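Here's the structure we're looking at; comments come further down.
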Amino acid sequence: MKPVLILFAQTIGGATLEILSLLIVAAIIGYVTAWLFYKSVYEKKLKVAKSEKHELTNRIVNLNGTIVDLQKSLDDKDQEMEQLFSEYFAQHKQVLDYNSFGKAGIEDKDDLTMISGIGPFIEKGLNSLEIYTFRQISRFTQQDIKVINDTIIYFSGRIDRDKWVAQAIELVNKEEHRIALFKRISDRKDRIYFDRIGTATKEEADNLTLISGIGGWIRAKLNALGIYTFRQISNFTRDDINTVTEAIEYFPGRIERDEWIYQADEFVRISGDKAALIKRIRERKDRVYYDRLGYAHKYKANNLTMIDGLGLWVEERLNELDIYTFEQISKMTHDDIETITEVMEITPGRIEKDNWVGQARELAKKQNIKVAV
């Protein structure tokens, strides 16, 4: 009996081992089959993905080529406009009385952007009229100003409004006069309430000329007073405004009109990175509904600062959106206002509060521009 049991046990053990071997082989075959199946599936997907990637890469290359071509076309158009711009001024030079304010050449050129209210674009226009120096501007008569205003619509009202002549007179003063001026300003430092606005050093200085309305000359006078940063200006109270205006021998009301505090506060908020803000605005241009507002070019620009509550810094941002004219602003709807407020990152409700649309409509009418009501 015992040998039979041993044989039976051996038989069962052999069968079990065989079954287990068969199961393992089946599992391996199943795993390999599944692996081969999924491999074939994913290889197909990978092949499709690679093909799509290749296609997208080609499209990117083609788009980059298109962008380069478009940029070249844009640059060509800008050059063409520059040429037309120069020709336009060349035709109008004959109406200027150079005997009144004098002639100058490019070799005599001053940095006219030192004058608050003159930016690179206006400086280029003046240079096209062969106006290169502070001395020429310092000699402008009211007739000269009228002729230039009529010749270059974009300048309209700016020469008187921004006190170009008075600033130019200061800039052509002899060196001893400038030294005396800066000494007077420096001696008035004790009038400034630095406990309120804060102190700063020359090494901490911000580029205050980023504030529209502050040119290089005004910046130099503010620095002489110990005012170097956006944060200091953003902390101005009305008393500070009056004190600083008197101390730097500036024009009453200009700090408020050019919204120095508002601009400085914004530059504090964006850490003085004006370029980044301008870039954000440009990237959002496609959100503006130009089919309703209309299109305009900077060479046909109106002086938008004639709208009360719209300062130079806001005008600059509108121009970045290709909004240059009273007519465009006069056509703004509630949706346009909401979009532009967000795109330019200005205080919500400001456009309605200052009634830009109504003011723009009236200013457009004065210029005989037909505006839909």
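Rule-based calculations on the coordinates, nothing more; no lab input. Bear in mind the structure is a predicted one, so any value in this text is a computation, not a measurement. Neighbour counts are summed over all protein chains in view; Cβ atoms, including those assigned to glycine, are modelled from backbone coordinates with ideal geometry.
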### Query
How many angstrom lie between the C-alpha centres of segment 249-282 and segment 316-359?
17
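At R0 = 30 Å, how high is the FRET efficiency between D354 and Q142 if r is their beta carbon distance? Nearest 0.05 is fine. Mind dumping the intermediate values first?
Numbers: r = 30 Å, r/R0 = 1.00.
Using R0 = 30 Å, I get an efficiency of 0.50.
Taking Cα pairs under 8 Å and at least six residues apart, what relative contact order does segment 96-172 come out at, in percent?
Relative contact order here is 37 percent.
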## Note on the structure
Residue by residue through segment 355-364, the couplings from Karplus 6.51 cos²θ - 1.76 cosθ + 1.60 with θ = phi - 60°, in Hz, x for Gly and Pro, are 6, 4, 4, x, 5, 4, 4, 5, 5, 5
### Task
With an 8 Å cut-off on Cα pairs and a minimum separation of 6 or more residues, tell me the relative contact order of the chain in percent.
11
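Can you put E320, E55 in order, fewest other beta carbons within 10 Å first?
Ordered from fewest to most neighbouring Cβ atoms within 10 Å, E320, E55 come out as E55, E320.
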### Query
Using +1 on the beta carbon of Lys and Arg, -1 on that of Asp and Glu, and nothing else charged, what's the dipole of segment 185-272 about the Cα centre, debye to 20?
100
### Query
Which residue fluctuates the most in the chain, going by a Gaussian network model with Cα springs under 10 Å, if the choices are L171, L63, L225?
L63
### Message
Assuming 0.36 nm per residue, please report the length gained on full extension of the stretch K124 to E338 beyond their Cα-Cα distance.
### Response
73.6 nm
### Query
How many angstrom lie between the C-alpha centres of segment 107-145 and segment 201-229?
22
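F37 to K365: extension gain in nm, 0.36 nm per residue of separation minus the Cα-Cα distance?
Working: separation 328, 0.36 × 328 = 118.08 nm, distance 7.66 nm.
Result for the pair: 110.4 nm of gain on full extension.
May I ask you to work out the translational diffusion coefficient for segment 276-366 at 25 °C, viscosity 0.890 mPa s, via Stokes-Einstein with Rh from the Kirkwood sum over Cα pairs, reported in whole µm²/s? Let's see the in-between values first.
Values: Rh = 12.9 Å.
Once the numbers are plugged in, D ends up at 190 µm²/s.
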### Message
Let's test the formula: R0 of 45 Å, r as the Cβ-Cβ distance of D239 and I60. What FRET efficiency results, to the nearest 0.05?
### Response
0.15
### For segment 159-220, convex hull volume per residue from C-alpha positions, Å³
120
### Message
Using the Karplus curve 6.51 cos²θ - 1.76 cosθ + 1.60 with θ = phi - 60°, what ³J(HN,Hα) values do you get for each residue of segment 134-145, in whole Hz, with x for Gly and Pro?
### Response
4, 4, 4, 5, 5, 9, 4, 9, 4, 5, 4, 4
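Per-residue ellipticity at 222 nm for the chain, helices alone: DSSP H runs ≥ 4 residues times -39500 (n - 2.57), over residue total, nearest 500 deg cm²/dmol? Could the numbers behind the result be given before it?
On the way: 21 runs with 241 residues, N = 373.
Per the formula, -20000 deg cm²/dmol.
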### Query
Which one of N302, T333, L312 is farthest out on the positive end of the charge dipole of segment 270-373, using unit charges on Cβ (Lys, Arg +1; Asp, Glu -1) and the Cα centre as origin?
N302
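Given that compact globular proteins tend to follow 2.2 N^0.38 Å, what is the ratio of the alpha-carbon Rg of segment 185-272 to that value? Write out the running numbers ahead of the final one.
Details: Rg = 11.5 Å, N = 88, 2.2 N^0.38 = 12.1 Å.
After normalising by residue count via 2.2 N^0.38 Å, the value is 0.95.
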### Query
Mind checking which of A180, A247, A360 has the largest fluctuation in a GNM of the chain, springs on alpha carbons under 10 Å?
A180
### Summary
Using alpha-carbon positions, the gyration tensor of segment 96-172 gives root eigenvalues a ≥ b ≥ c; with a/c under 1.5 called rounded, otherwise prolate if a/b exceeds b/c, else oblate, the class is rounded
### Debye log10 I(q)/I(0) at q = 0.11, 0.12, 0.15 Å⁻¹ for the chain, Cα point scatterers
-0.92, -1.05, -1.43
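Assuming R0 = 35 Å, what is the FRET efficiency of R191 and D286, from their Cβ-Cβ distance, to the nearest 0.05?
On the way: r = 50 Å, r/R0 = 1.42.
For R191 and D286, the calculated efficiency is 0.10.
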